[in-house]
Structure formats: C-alpha cells, structure tokens
Amino acid sequence: MRIRPIARDDLDGLQALAQQTGVGFTSLPDNRDFLAGKIEAAASAFEERTPVDDRLYFFVLEDEASGELAGCCAVVGQVGHDAPFYNYRLGTLAHSSVQLDLHRTIDTLFLSSDHTGDAEVCSLYLRPEYRKDRNGTLLSKARWLFMAQFRDRFPDKVLAEMRGRFDENGISPFWQCLGSHFFPMDFNEADRLTGLGQKSFIGELMPKFPIYTTFLSEEARECIGQVHEHTRPALEMLKKEGLRWEGFIDIFDGGPTVEAYIDDVRAVRTSRLCQVEVVASAESDERPGWLASSTSMLDFRAGWVGRGPSAEDVIVLTEEESRRLGVGAGDSLRLLET
Amino acid sequence: MLVVRPVRPADLPALERLAGSATPRLTNLPAHRDRLEERITRSQRAFGREVDFPGDEHYTFVIEDRERDEVVGTATIRAQAGANEAYYTYRQETLIHASQQLNVRREVQTLSLSHEVSEATLLCALSLDERYKGTSAESLLRRARLMFIAQYPERFAEILAVAFPGFLDAEGESPFWNSVGNHFFARGYQDINHIAGVRSKSFIAEVMPQFPLYLPLLTPQARAAIGREHPAHETPMQEMLAEGFVRSRHVDIFDAGPVIKGERERLETFRRAAWHPVRVRPAASLPDAEPAMIANQKLGEFRCVVARYALSPTGQLMLSPEHAEVLGVEEGRAVLAAPLALPAVDDVYDEGEL
C-alpha cells in the first residue's frame, strides 16, 4: 500500500470512492464534473502551477498490486483563499458588578475567520475493507511527511475540522438550535453546499453578532467542541501529533477545530532524511513502525517500511519497498517512527 | 374636586402607599422611604430652579382629592430620560440575510441595547389609587404633565417618551426577563426590579449583554412579550396612542414593555391647548360644555383640574369660584385649557426614525 498524488486517470477510481463515502463526507460528493475539477486542481498544485496560497494537495492510498484506490486524504495549502473560512470561537465574557454581588462568566460564540491562511488537513477516507494493517495511520500521517518535506510551501499553522456530535436520528442538536434559524435548508444540504465549495451563502446568512450560548438549548450546548463518536480515533491521532482544541468550532455542527503550529507537530519535528540502500532481502518488523516518504513533489510516495534507519541515517530497503516508494540506492527518504 | 399639583414633603406617606400599591411595581417608583424622600426634594429643586434647557430635573406631581383631603395618585416627568446616566432600552431591529446563490432572503429580528431614548423627556412613575382607575382622575394625572410641559417648553425635550410596564404572567413573572436577563443575573424579575428602583437601572444595564440578541434564540413566551404592555395598562396605552404617541422600536431591557414616543407638536393636548382669560361665575350658572383640563400659569404653584370648557362669546373661560380658587386665579388672569376627550385612534406603530 502506498500514498501518491492523485492522477488524472484516477477519475473512475475516485468516483467509486465517492460513491462509498455517502452522506457526511461532503468534500467528496458523487459528482463526476466536480471530482474531475478536484483532480485537475490537485494536479496543478503538485505541478506547482497554482500559487502557493491556493493549492489543494490531494492524495490517494493505492493498492499497488491491484491498482485499486483504497482511500484518500488531502492538505489544503491555505484556507479562506477564495471563500471565507468561518469558525465560531468560543469566548468568555465576564458579567460582574460589585454592587450587585455579581460575578458570572458567559460563554459566547464569536464568528471568526482567524484561521484564514492556515493549512488544513482534511478529506481522509479509507474503504472499510482496508481498515487494517495501519492503513489509517498511513493516510493520516503521510500528510505530515509531505508538509515536513515541503515546509516552505506551508504557513505557520495547520488545522483540522472534526465532525460534530449527532443524535441517534442523525440530527445535529447544535444545528437544530442555531443554524436552522438562519439557513433555510437542512443540515445535509448546508453541509453539501459547503463541500462543493459554494460557501458564500454562509457569510450571507450567518448571524454576524456573537451568540450567547446561554440562549442555546442544553443539548446544543453539549455539542460544543464535541466530536462524532466515529471521529474520535481520528481526533486522538491528531492530538498525539500535538494538535489541540483552542476553542474554535464548526459553525454548523459545533464540532471542534484542532490546530497546531506546523513546526510543533510531532511528525514534522521528528521525521528525518536518510540515505537509501537497496538489498535483495531484509528482515521486516512484525508490526510496521516506520513510515517513509520520497522527496519529490510530483512523484511523492509514502508507505510503511519494514525497519528503521541505522544510527548513520542509512535506510535499508528491499527491492519491493524501493519500487513502491519510487526511490533507488543513494536517494533520500524521509523517515518517521510511529 | 381633583387637582394635580407639585409634590410636597408632607406627601411622603401617600407616596409610600402609592409606590407599594402600583400594579405592577414600578422600577422608577420604589417603595423605599429614603428614595421617595429624595424624589420629593429633587422635585422641589426642579420646580424652584431656573432652567433654560432640559437636564437632570425630575418633576413629581400628585393628584389630590380635595373632598377627602387625600393624595390619591402621583406621576413624574424626567426632563431628560438619561441626563446623568444613559437611559437603556432594547431597540428592535430587522437584519436581512440574503443569498443570491441560494435565492433566499431571510429577515432576522434582533434586540440591540440602545441609548437613543436618553435625550427624550420621560413621563414615568405613575401610580393611582385603585378606586380612581378608569375615571377622569386617571386621565388628568396622566396628562396634566403635558399641560405643564406646554407651559414650560424650554424645560423639556421636543420628544416625549413613556415606558409602559411590560407583560407579566399570572404569577407576576416576566417571561422576557426569564429568557434574557435571568441568564446573566440569576435573579428573579421582581428582585432585580426592586434593586434597579432603589439603586439605578443603568448600573444594572451596564452588566446586561452588550451584543444584540437574536430573537429566534429566545423562548416563544419571551418573544410574545416584546413590546406588550402589562394587562393592567392596556387602557392607558390606548389613551396615550389617542393623544398622539406612537409605538416605537424600543422596549424595556428588563420586561420588554413598550416605549412609546411623541413629538410635542403632534400631541393632541399641545395642538388643542389654548389660553383664555378667566371669568368667574357661580357654578349653577355655568353652561354645559365638554370637560377640559385647565391649568394655571404658576411654575411652583402649578395646578391642573378638570372643569367644563365653557367659553363666553368673547372667548373667556367661565370658571366656578371653587375652581378659580383651587387654581389660584382671579378674574382676568389667563389659564391654559385643553379638551379632556381624545379622538378615537387605531393603534399606531412608528415605522419611522422618530
């Protein structure tokens, strides 16, 4: 299994993936024209033809034996470039008066575009039959290796938006209590339009003034900063890399936006470049513990390797591994223990 | 005979009684002896002072039943609603959220804290003995203040405002307060109303949420209470609308009671008030005529009564000796008169920026 940039002839494969993701995965709608546009955008990003602040790096996880696409993930170079990127920032306002013997703090949601210009990791999907052999970790972390390798193409900070909490009927209590008053559509429609990148309606319909959370229902307040149960493992993985919730939430479902300075992300900090040596055969760890990625943007590859580098930063690859990663003896390879 | 006059120190027990019996309890008439005493002193100062433009004067009046020798009501004019401190209201606003992309247009109602009413002259703190409700005494007490303002226009603003007590449910609870203020103060409506009366309203307002409130997020009960007067004040409200006041976009910050506003020149009492020289005639010989408010022209000794609007062919106002005595006017002196009856009027809503 390996990660590589999406290619123009991946359209059928990507559409097959899109058909599987279903409702709730809005950045990958089953819409051939839209997907073709996405592939084109990604291709010109990897070819570095689009400006650095307007790039979508879209990757696929490929079963190189069958050529089948097992999943995908993406990095947005900078959010908020063509459409505003909105969040609510959960802030605290003190209401205090000595004469009234009053001291209360009131949680307040402030509409924010503070994250404009930050990078975003997003669009991670793995087909159910491939949810094994640490493929999920590969999809998630390959992006850090890419950012570490091409650090100068990225800004200071990175964020990830996590899906919020929904009730047993698939309804977001946060949306019911807040968004539904302002958006004449249901949650899925609003989310779908956002996924299609048609975000201007958000700015036009959103409440512009801060929202005192005390006016929201208890169920809605309990959604603030909470993730969907299916998203918890992804959140844990990001937290281990050092991403943290700083009080920003999604304006629709209240899910947390986690963030970090890219230089502080564990994978970015601890990955290192090694020299490749290719041998006919080598011992492999029972459980893959080392991620490796190539240093070319156009031909970026990432995958698990069977062993770690030596103290002299030499990484021994089998021929199969070197083919999978598209590297030969003497090439550089970025390694991350994980 | 009923007469409206400036409050005196001896009226303190009556004021205490009236403050305690007001329905509902009024923020600006707290049943608090020290505050009421201050109110009297402050009023005496205002009546005694030379004033060229409205400031922090409060003029408090009482209505006296001469037969019973009893003070049965009180009302106040604040020359400027927010003279020393800001006068806070919530202003109802409509924001339009429209999206071309989705071809939708939504109106969203908000309430924003406002100081806009601060400049207006405020008619407030009216409490009348239950036995006189619905009689001409009520109209006289309410509108004698307009007769006073008509005589001393330099002391008051061009725009007059009245804040009506807001809607309370059968338990005396304010649905609006419960949905808004209570979140920030964790105190009941009656409690906060009392504190506001004894201290001041603006120091509480300073702790109110400063950002606009989105109405869709309030409870339906709270929304229904916005701009709705207390059930006991529906008739007085109609009277003031007939006077020429119009509903404004402003409501009280505690109970969302309506604030009505009127330009002096558009009010019936100002438009129809006229000066007449007095001719004193025995009560029995006075012709029948519609009732009118009659006020003298003495600042500190202001008096206003209801009498027949009986004019001689030469335009003199014919008064009984009793009315002339109460007003402190002799034959030949001028009095201001305005008809008590008001034209019937539909409930008017101010769509403008009055």
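The values are calculated or read from the model by the stated rules, or taken from the named source; none is laboratory data. Here the structure is a predicted model, which is why all the values come from computation and not from measurement. Virtual Cβ from ideal backbone geometry, glycine too; neighbours counted across all protein chains shown. For the accessible areas, the whole protein counts, side chains as well, though only heavy atoms, and no ligand, DNA or RNA atoms are used. Shrake-Rupley method; radii C 1.70, N 1.55, O 1.52, S 1.80 Å.
Below, the figures for the structure above:
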read-out: The range A:44-70, subset over 20 Å from A:ALA142 (Cα atoms) and within 18 Å of the chain's Cα centre (by Cα), residue least open to solvent (accessible area, probe 1.4 Å); value: A:ASP53
read-out: Residues (assigned to a strand (DSSP E or B), within 24 Å of B:GLU263 (Cβ to Cβ) and either open to solvent by less than 60 Å² (accessible area, probe 1.4 Å) or more than 14 Å from chain A (Cβ to nearest Cβ) (or both)) located in the range B:85-104; value: B:THR89, B:TYR90, B:ARG91, B:GLN92, B:GLU93
read-out: Any chance B:VAL3 is more than 17 Å from the chain's Cα centre (by Cα), touching a residue at least 40 places away in the same chain (Cβ under 8 Å) and either buried (at least 16 other Cβ atoms within 10 Å of the Cβ) or part of a strand (DSSP E or B) (or both); value: yes
read-out: Helices (runs of 4 or more DSSP H) contained entirely in the range B:134-241, each with at least 1 residues that are among the β-branched types (Val, Ile, Thr), away from chain A (no Cβ under 14 Å) and open to solvent by less than 20 Å² (accessible area, probe 1.4 Å); value: B:136-151
read-out: Total residues in the range A:200-215, condition facing chain B (nearest Cβ under 7 Å) and farther than 20 Å from B:HIS183 by Cα; value: 5
read-out: Meets criteria (open to solvent by 40 Å² or more (accessible area, probe 1.4 Å), under 25 Å from A:GLN198 (Cβ atoms) and part of a helix (DSSP H, G or I)) for A:ALA41; value: yes
read-out: Residue list for the range B:301-346, restricted to those being out of contact with any strand residue (DSSP E or B) (no Cβ under 8 Å at 6 or more places or on another chain), farther than 18 Å from B:ILE149 by Cβ and either part of a strand (DSSP E or B) or among the aliphatic types (A, V, I, L, M) (or both); value: B:ALA344, B:VAL345
read-out: Condition broken by A:VAL276, with the remaining ones in (1) outside any helix (DSSP H, G or I); (2) within 14 Å of chain B (Cβ to nearest Cβ) satisfied; value: (2)
read-out: The one condition in (1) closer than 23 Å to A:PHE150 by Cβ; (2) exposed (fewer than 14 other Cβ atoms within 10 Å of the Cβ) that A:ALA311 fails to fulfil; value: (1)
read-out: Positions within the range A:97-115 being within 7 Å of another protein chain (Cβ to nearest Cβ) and loosely packed, with under 14 Cβ neighbours inside 10 Å, in sequence order; value: A:GLN99
read-out: The lone exception for A:MET237 - which of (1) within 16 Å of the chain's Cα centre (by Cα); (2) assigned to a strand (DSSP E or B) it fails; value: (2)
read-out: Within the range A:165-185, tally of residues that are assigned to a loop (DSSP other than H, G, I, E, B) and either within 13 Å of chain B (Cβ to nearest Cβ) or surrounded by 16 or more Cβ atoms within 10 Å (Cβ to Cβ) (or both); value: 6
read-out: Pairs, first closer than 18 Å to B:PRO231 by Cα in the range B:134-147, second small (Gly, Ala, Ser) and buried (at least 19 other Cβ atoms within 10 Å of the Cβ), C-beta under 8 Å, six or more apart; value: B:GLU138/B:GLY73; B:ARG142/B:ALA75
read-out: Residues that are assigned to a helix (DSSP H, G or I) and open to solvent by less than 70 Å² (accessible area, probe 1.4 Å), drawn from the range A:19-38; value: A:THR21, A:PHE34, A:LEU35, A:ALA36, A:GLY37, A:LYS38
read-out: Considering residues of the range B:259-282 that are in contact with a Lys or Arg (Cβ under 6 Å, 6 or more places away or on another chain) and assigned to a strand (DSSP E or B) only, the residue surrounded by the fewest Cβ atoms within 10 Å (Cβ to Cβ); value: B:VAL278
read-out: Count - residues of the range A:117-129 that are on the phi < 0 side of the Ramachandran plot and either within 14 Å of chain B (Cβ to nearest Cβ) or modelled with pLDDT of 95 or more (or both); value: 4
read-out: Residue within the range B:68-79 that is closer than 28 Å to B:ALA256 by Cβ, open to solvent by less than 50 Å² (accessible area, probe 1.4 Å) and within 14 Å of another protein chain (Cβ to nearest Cβ) present; value: no
read-out: Test: A:LEU61 is assigned to a strand (DSSP E or B) and either modelled with pLDDT of 95 or more or touching a helix residue (DSSP H, G or I) at 6+ places or on another chain (Cβ under 7 Å) (or both); value: yes
read-out: Hey, A:ALA94 farther than 30 Å from B:GLY181 by Cβ and within 14 Å of chain B (Cβ to nearest Cβ) or not; value: no
read-out: Selected residue [under 18 Å from B:LEU123 (Cα atoms) and not assigned by the TED database to the domain that holds B:GLU57] from B:MET318, B:MET293; value: B:MET293
read-out: Selection status of B:VAL117, touching a His at 6+ places or on another chain (Cβ under 8 Å) and part of a helix (DSSP H, G or I); value: yes
read-out: Some residue of the range A:248-263 being closer than 19 Å to A:LEU336 by Cα, surrounded by fewer than 22 Cβ atoms within 10 Å (Cβ to Cβ) and among the charged types (D, E, K, R); value: yes
read-out: Only listed residue being in a helix (DSSP H, G or I), within 24 Å of the chain's Cα centre (by Cα) and within 14 Å of chain B (Cβ to nearest Cβ), chosen from A:ARG192, A:ARG221; value: A:ARG192
read-out: Residue that is in a strand (DSSP E or B), out of contact with any Phe, Trp or Tyr (no Cβ under 9 Å at 6 or more places or on another chain) and within 14 Å of chain A (Cβ to nearest Cβ), where the choices are B:GLU64, B:GLU107; value: B:GLU107
read-out: Options A:VAL52, A:VAL98: the member that is of a type in the set (Val, Ile, Thr) and touching a residue at least 40 places away in the same chain (Cβ under 8 Å); value: A:VAL52
read-out: Some residue of the range A:293-314 being charged (D, E, K, R), closer than 26 Å to A:LYS199 by Cα and touching a helix residue (DSSP H, G or I) at 6+ places or on another chain (Cβ under 6 Å); value: no
